[in-house]
C-alpha cells in the first residue's frame, strides 16, 4: 500500500525485509543474452541498427582526434539509461534514474575524467576554451569567469536534467492515477485516455533523455582534444 505520494521514489522501500529497489538498475541485462545465444531476431536487428547509428554519430561528434573505440562508453551509457528510464514506467519497478544518486554518479566521474585528461594533456587548448574567439579584450576577464562557472555546473545540469524529467512524468502519472477512484464513470474514460497519452509521452521522454545525456557527454569529451 502506498502511504505517501513520494514513496514510489523511496530507495529504502523494502521487499520482504530486503532493500532490493536498486537492483532494478540491472533489469536491462535480461534483454541482452537473447541477442548472443539465439538466431538473430527482429529485436536484434533493430537494436544493432540503433547502436551502429549511434556509433557513427558519436564518432562524428568526437572528430578525428578521438581514440578508436571511445564511442562504446557513450553507447553503453545510452543503453543503461534507456533500459532504466523505460523499465521505470512499468508498475512496481523502481526508477533509479529519477534519483540524483545515480545520475550524478554517472555524470560527475565522466566530467571529472575529461577535465583531468584535458588539463594535463592539452592545457593550452583548455585555456583557449575559456575565452571564445572574437571576445573584446575588456570583456575577457568576465568571459573567463562565465565559462569557468558554466564548465563547473555541467555535471550538475546533466544529472538534474535527467532526474527532473523522470520524476516529473512519474509524479504526474501518479497524481492523475490517484484521482481515479473518486471520479465519475463519464470522466474516468477521459482520465484513461489522458493517462495513455501521458504514458506514450513518457516513453518518448525516456528515450530522448537517455540520448541527450549520452550526446552531451560526448560533446564534453570532444572539447578536451
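The values are calculated or read from the model by the stated rules, or taken from the named source; none is laboratory data. These figures come from a predicted structure and were not determined experimentally. For neighbour counting, all protein chains shown are included, and Cβ atoms are generated from backbone atoms with ideal geometry for every residue, glycine included.
The helices (runs of 4 or more DSSP H) falling completely within the range 1-112 that include 1 or more residues that are at pLDDT 75 or above and within 17 Å of the chain's Cα centre (by Cα) map to 42-62, 71-87.
Per-residue answers, yes or no, for (1) touching a strand residue (DSSP E or B) at 6+ places or on another chain (Cβ under 6 Å); (2) free of Cβ contacts under 8 Å to residues at least 24 places away in the same chain; (3) within 13 Å of residue 31 (Cβ to Cβ); (4) exposed (fewer than 15 other Cβ atoms within 10 Å of the Cβ):
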site	(1), (2), (3), (4)
42	no, yes, no, yes
47	no, yes, yes, no
56	no, yes, no, yes
59	no, yes, no, no
63	no, no, no, yes
71	no, no, no, no
75	no, no, no, no
79	no, no, yes, no
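With respect to residue 138, determine if the residue is farther than 27 Å from residue 224 by Cβ and loosely packed, with under 11 Cβ neighbours inside 10 Å. Yes: the conditions hold for residue 138. Is it the case that residue 150 is over 28 Å from residue 50 (Cα atoms) and either under 23 Å from the mean Cα position of the chain (by Cα) or in a helix (DSSP H, G or I) (or both)? So residue 150 passes the test.
Out of all the residues in the range 167-183, is one or more modelled with pLDDT of 85 or more, in contact with a helix residue (DSSP H, G or I) (Cβ under 8 Å, 6 or more places away or on another chain) and closer than 24 Å to residue 55 by Cα? No, the range 167-183 has no match at all.
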